[in-house]
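Peer 1: Okay, here's the structure, questions in a sec.
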């Protein structure tokens, strides 16, 4: 998922402020997923301020205005506002898979390190899983704070695994491929034509890149985009590190493509995280990976009793390198460099991503993911989910390398091209070799044009 959350019914609104609020500092936010993001602040509709938010406004003299839209529209609003340097939005929705990197290098975001001490009553960085902060660090600086976030994992139908003689979820990609073969053969033998061994996302654009990069990492054992595993502009320049999309990147890319084609449903080359969620929720997929969070989204709305009663969680399998397949993402929010009220904007950001806000997220949404260990181990999630599952999810954070893909200014463009190459190979419009050759040529030209190899 986008990562990682497109609970997508488009909704946009402007909050009409009473005259008494005009003397307050106004902080404007743009985001997506009304009724999901900050449901405890803006209500299920996304249009009604709750007592919790009004108490913050009264205590701080800050009026919080939020504008919701569908994800693509929200992203375009962020991009246009930052590129044009208008400062319409003080807080902007980001993601740790491209926006944080591209916009920070461009100078569009305000670094947060010097602001952390100004609102510790709302946000204590020492109380957060460090990996979620690390995912939002670029060039040594912190550029955004994480809200909804997740690590890698697998959601699967334990009853179907057991039906075909598989007692435990496999720990390696090799063993999992064998299990998927067994399940596919079993489904075919039983005449079950509308259930598929696996669902992943293969739509053109950036959609598959977060998970596909996790396959590359697990198969190669490092972020195999550039020679030597360079992940920063400085490393690329210092080592003259060239793209290796036809090199060690290939094995993980090919596995992702082949698994999608061999075990996935028809049309997987157009599937987004929403399709993954819906397919699993309808009982038409046995395994959903490596972004298990989309499976938890499915559980929240499924009417299929087998899915509801027989779903299990497993850690992401390890690739040939011994490292697990990654999928790590944070729904992040940053302060615009063009805001006229940066300190008030940060205070609002600290409130919206702090422990109180994440406790509200746990209570209203209930998914077993939190940026705070105290909430993961707290009463709300502890009563809803098995302790073993929470242990495994927490372990996925500890095992994660948030920089399992390079943090470069061009990341948004690379994610777009990589995902599209995967989609083309999955659909069969290009072979794996053709797709990677085109990706390699594009990457070489893009990096040359950016002046990396002067």
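The values are calculated or read from the model by the stated rules, or taken from the named source; none is laboratory data. Owing to the predicted nature of the structure, the values given are computational and were not obtained by experimental measurement. Positions of Cβ are backbone-derived with ideal geometry, glycine not excepted, and every protein chain shown enters the neighbour counts.
Peer 1: Say we look at segment 50-76 and pick out the residues that are touching a strand residue (DSSP E or B) at 6+ places or on another chain (Cβ under 8 Å) and in a loop (DSSP other than H, G, I, E, B); which of these is modelled with the lowest pLDDT?
Peer 2: Here the residue is 70.
Peer 1: If I filter segment 151-177 down to residues being within 18 Å of residue 322 (Cβ to Cβ) and in a helix (DSSP H, G or I), which single residue comes out as nearest to the chain's Cα centre (by Cα)?
Peer 2: That would be 173.
Peer 1: Would you mind stating whether residue 123 is in the same structural domain as residue 343 (by TED's automatic domain parsing) and part of a helix (DSSP H, G or I)?
Peer 2: Taking the combined requirement at face value, the residue does not satisfy it.
Peer 1: Okay, moving on. Please state which of the following conditions residue 320 fails to meet, knowing it meets all the rest: (1) in contact with a helix residue (DSSP H, G or I) (Cβ under 6 Å, 6 or more places away or on another chain); (2) more than 30 Å from residue 63 (Cα to Cα); (3) at pLDDT below 95.
Peer 2: Going through (1) in contact with a helix residue (DSSP H, G or I) (Cβ under 6 Å, 6 or more places away or on another chain); (2) more than 30 Å from residue 63 (Cα to Cα); (3) at pLDDT below 95 one by one, residue 320 breaks only (3).
Peer 1: Continuing with the same structure: Output the residues belonging to segment 298-345 that are in a loop (DSSP other than H, G, I, E, B) and surrounded by 24 or more Cβ atoms within 10 Å (Cβ to Cβ).
Peer 2: Our first condition is that a residue be in a loop (DSSP other than H, G, I, E, B); within segment 298-345, this holds for 302-304, 315-317, 319-323, 325-328, 337-341.
Listed by number, the residues that qualify are 316, 319, 325, 326, 327, 328.
Peer 1: Next question, about the same structure. Might you let me know whether segment 242-263 holds any residue that is surrounded by 19 or more Cβ atoms within 10 Å (Cβ to Cβ) and out of contact with any helix residue (DSSP H, G or I) (no Cβ under 9 Å at 6 or more places or on another chain)?
Peer 2: No.
Peer 1: Quickly run through segment 274-295 and pick out the residues that are assigned to a helix (DSSP H, G or I) and surrounded by fewer than 24 Cβ atoms within 10 Å (Cβ to Cβ). Break it down stepwise before answering.
Peer 2: Keep residues of segment 274-295 that are assigned to a helix (DSSP H, G or I), which gives 274-281, 293-295.
Listed by number, the residues that qualify are 274, 275, 278, 279, 281.
Peer 1: Right, something else. Under the condition of being more than 18 Å from residue 212 (Cα to Cα) and more than 27 Å from the chain's Cα centre (by Cα), which residue from segment 429-443 is surrounded by the fewest Cβ atoms within 10 Å (Cβ to Cβ)? Give the steps one after another, and end with the answer.
Peer 2: Step one: of segment 429-443, the residues more than 18 Å from residue 212 (Cα to Cα) are 429, 441-442.
Imposing the further condition that a residue be more than 27 Å from the chain's Cα centre (by Cα) reduces the set to 429, 441.
On the way: 429: 11, 441: 13.
Of everything passing the filter in segment 429-443, 429 is surrounded by the fewest Cβ atoms within 10 Å (Cβ to Cβ).
Peer 1: Still on this model: Taking the condition touching a helix residue (DSSP H, G or I) at 6+ places or on another chain (Cβ under 6 Å), closer than 20 Å to residue 145 by Cα, at pLDDT below 95 and not in a helix (DSSP H, G or I), does residue 37 pass?
Peer 2: In short, no.
Peer 1: Please state which one of 379, 388, 424 is buried (at least 20 other Cβ atoms within 10 Å of the Cβ) and either at pLDDT 95 or above or more than 26 Å from residue 271 (Cα to Cα) (or both). Let's see the steps before the verdict.
Peer 2: Details: 379 fails: buried (at least 20 other Cβ atoms within 10 Å of the Cβ); 388 fails: buried (at least 20 other Cβ atoms within 10 Å of the Cβ).
Selected residue: 424, the only one of 379, 388, 424 that is buried (at least 20 other Cβ atoms within 10 Å of the Cβ) and either at pLDDT 95 or above or more than 26 Å from residue 271 (Cα to Cα) (or both).
Peer 1: While we're here: Looking at segment 100-130 only, could you name the residues that are closer than 20 Å to residue 378 by Cβ, surrounded by 20 or more Cβ atoms within 10 Å (Cβ to Cβ) and within 21 Å of the chain's Cα centre (by Cα)?
Peer 2: Residues of segment 100-130 that are closer than 20 Å to residue 378 by Cβ, as a first pass: 121-130.
With the extra rule that they be surrounded by 20 or more Cβ atoms within 10 Å (Cβ to Cβ), the set shrinks to 122-123, 128-129.
Across segment 100-130, the qualifying residues are 128, 129.
Peer 1: Next up: Tell me whether segment 315-327 contains one or more residues that are under 30 Å from residue 115 (Cα atoms) and touching a strand residue (DSSP E or B) at 6+ places or on another chain (Cβ under 8 Å). Even if it seems obvious, please write down each step before you answer.
Peer 2: Keep residues of segment 315-327 that are under 30 Å from residue 115 (Cα atoms), which gives 327.
Imposing the further condition that a residue be touching a strand residue (DSSP E or B) at 6+ places or on another chain (Cβ under 8 Å) reduces the set to 327.
Checking segment 315-327: at least one residue is under 30 Å from residue 115 (Cα atoms) and touching a strand residue (DSSP E or B) at 6+ places or on another chain (Cβ under 8 Å).
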